[in-house]
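The structure appears below as structure tokens.
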């Protein structure tokens, strides 16, 4: 895949809007997001291997992790990115949109949800 095959952030939003969707939320990764994502994988593998030393899959797991780590540090961190886009159909209700964002928030490893309006602050609205 080449860079030219991907749209810019603003183009990605525009494509959704041209399809009749309403953009509610976007998040573009930064270096901290990438480091967090990648290095927790290394950490998890290290913990697993130390606590399961007799697992016959450990050598393969360690080799894949080593290769992935090398690739990430050598070029991926500086060349790869990701973004999350939340769109809604115009008939999607406010509560459904907020519930969707609430469901996405653990993926972002945040303990809060982006507030789209004052109604989001009503206690218990999202089961918080």
key: Inter-probe distance in nm under a simple model that places probes 7 Å from Cα toward Cβ, at residue 5 and residue 41   = 1.9 nm
task = Just rank 87, 40, fewest to most, by other beta-carbon atoms within 10 angstrom.
result = 40, 87
ask   = What are the radius of gyration and Dmax of region 31-80, computed over its Cα atoms and given in Å?
value = 12.0, 37
remark   = Highest mean packing first, using Cβ neighbours within 10 angstrom, the peptides 73-80, 43-50 sort as 43-50, 73-80
message = Only counting other Cβ atoms within 10 Å, I'd like 39, 8 sorted with the fewest neighbours first.
response = 8, 39
ask   = Hey, fewest Cβ within 10 Å first, where do 51, 26 land in order?
value = 51, 26
key: Calculated FRET value between residue 71 and residue 27, using beta carbons and R₀ = 30 Å, to 0.05   = 0.80
task = Describe numerically, in nm with one decimal, the distance between label points set 7 Å from Cα along Cα→Cβ at residue 62 and at residue 18.
result = 5.1 nm
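Values in this text are rule-based calculations from the coordinates and carry no lab data. Values in this document were obtained by computation on a predicted structure and should not be read as measured data. Every residue, glycine among them, receives a Cβ derived from its backbone with ideal geometry; neighbour counts consider all protein chains shown.
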